[in-house]
Amino acid sequence: MDQRTLLPATPLPIDQREGVYRAILTRRDTRGEFLPDPVPDDLLSRILVAAHHAPSVGYMQPWSFLVIREEGIKRQVHDAFLKAHAEAALMFPEEKRDVYRALKLEGIMEAPINICITCDRDRAGPAVIGRTHIRAMDLYSSVCAVQNLWLAARAEGLGVGWVSIFDNGTVQRLLNIPKRVVPVAYLCLGKVRGYHQRPELEAAGWRERLPLDQLIHFDQWGRQGTDEALLRRLRNDQGAAQSGRLELSHPD
Ligand SMILES: Cc1cc2nc3c(=O)[nH]c(=O)nc-3n(C[C@H](O)[C@H](O)[C@H](O)COP(=O)(O)O)c2cc1C
């Protein structure tokens, strides 16, 4: 087939579209639900392929995937978490500290696999299409890989938890990551007992999901509420998504 022939831009069949939204809406950050069962290589391989197919600035593909399974390394990373976690508690107002300390915010030791997704800032030389004026675009690209991996893992019935309560320099040193490479995401991955229906921080009363209609501006920042028909639909869809019945009205 001619490489320039376009694939048809038809919507995916409804069950596949439902699957995409279901993965998005039921993806959760996993901390306390990991099972010790090993993750089969075929699953691990597929979710890494999904991550590698993320968009990236100038097609830079700045990511690498450090797959961590050694108990001793996980232990050291966990120690780094404990240190940062104790420091972090003191950064919250006094009345919130006990709630903060009671939250489980990682599953480093329980998860059979940890993955550090990095960004090699020199992967494609100094001038990169799309990164010429906004330097952080390569970091954002690695974050796109994280999200692809997270959603693919949800589709496969695995759990992922992002742990960011670290001194990044310590993580860099523990994992022997070279200086030009930034550790972007430290992820815990494994089979899970199940997924929480709501974000745990929401269930714990830490924060609510924000009303989407209040986050929309039209044409210029601050112009809100000018397209009431769209906003009504958004409110309705957000309610439906939260109760697990987002409707796909587009016919096949
Ligand atoms: C950049 C980033 C860093 C995060 N760091 C942590 C973390 O250190 N510990 C943790 O328990 N959750 C962490 N999370 C998960 C969020 O707390 C979680 O996504 C949010 O509460 C919404 O819940 P949900 O992902 O289950 O929908 C992080 C998420 C992101 C995107």
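Laboratory data are not the source of any read-out in this text; all were calculated from the coordinates shown. This one's a predicted model, so the numbers in the text were calculated from it and none came from an experiment. Here the Cβ is made from the backbone with ideal geometry for all residues, glycine too, and neighbour counts use every protein chain on show.
Looking across the range 191-202, the residues that are within 15 Å of the ligand (Cβ to nearest atom), touching an Asp or Glu at 6+ places or on another chain (Cβ under 8 Å) and not in a loop (DSSP other than H, G, I, E, B) come down to VAL192, GLU200, GLU202.
Within the range 25-53, the residues that satisfy the criterion of being under 19 Å from CYS144 (Cα atoms), out of contact with any Asp or Glu (no Cβ under 8 Å at 6 or more places or on another chain) and part of a loop (DSSP other than H, G, I, E, B) are ARG27, THR30, HIS53. Each residue in the range 85-100 was checked for being under 19 Å from PRO199 (Cα atoms) and either buried (at least 17 other Cβ atoms within 10 Å of the Cβ) or within 13 Å of the ligand (Cβ to nearest atom) (or both), and 1 pass.
For the range 203-213, the tally of residues that are loosely packed, with under 13 Cβ neighbours inside 10 Å and either in a helix (DSSP H, G or I) or near the ligand (Cβ under 8 Å from one of its atoms) (or both) stands at 2. Note on the range 163-177: among residues that are polar (S, T, N, Q) and closer than 25 Å to LEU103 by Cα, the one that is farthest from the chain's Cα centre (by Cα) is THR170. I'd like to verify a number: residues in the range 2-20 that are basic (Lys, Arg) and under 26 Å from the mean Cα position of the chain (by Cα), how many? Here the count works out to 1. Considering only residues in the range 123-178 that are touching a Pro at 6+ places or on another chain (Cβ under 8 Å), buried (at least 20 other Cβ atoms within 10 Å of the Cβ) and of a type outside the set (A, V, I, L, M, F, W, C), the one that is farthest from GLU110 (Cα to Cα) turns out to be ASP138.
Filtered by the rule that a residue be part of a loop (DSSP other than H, G, I, E, B) and within 13 Å of the ligand (Cβ to nearest atom), the range 111-146 gives a lone residue, ALA111.
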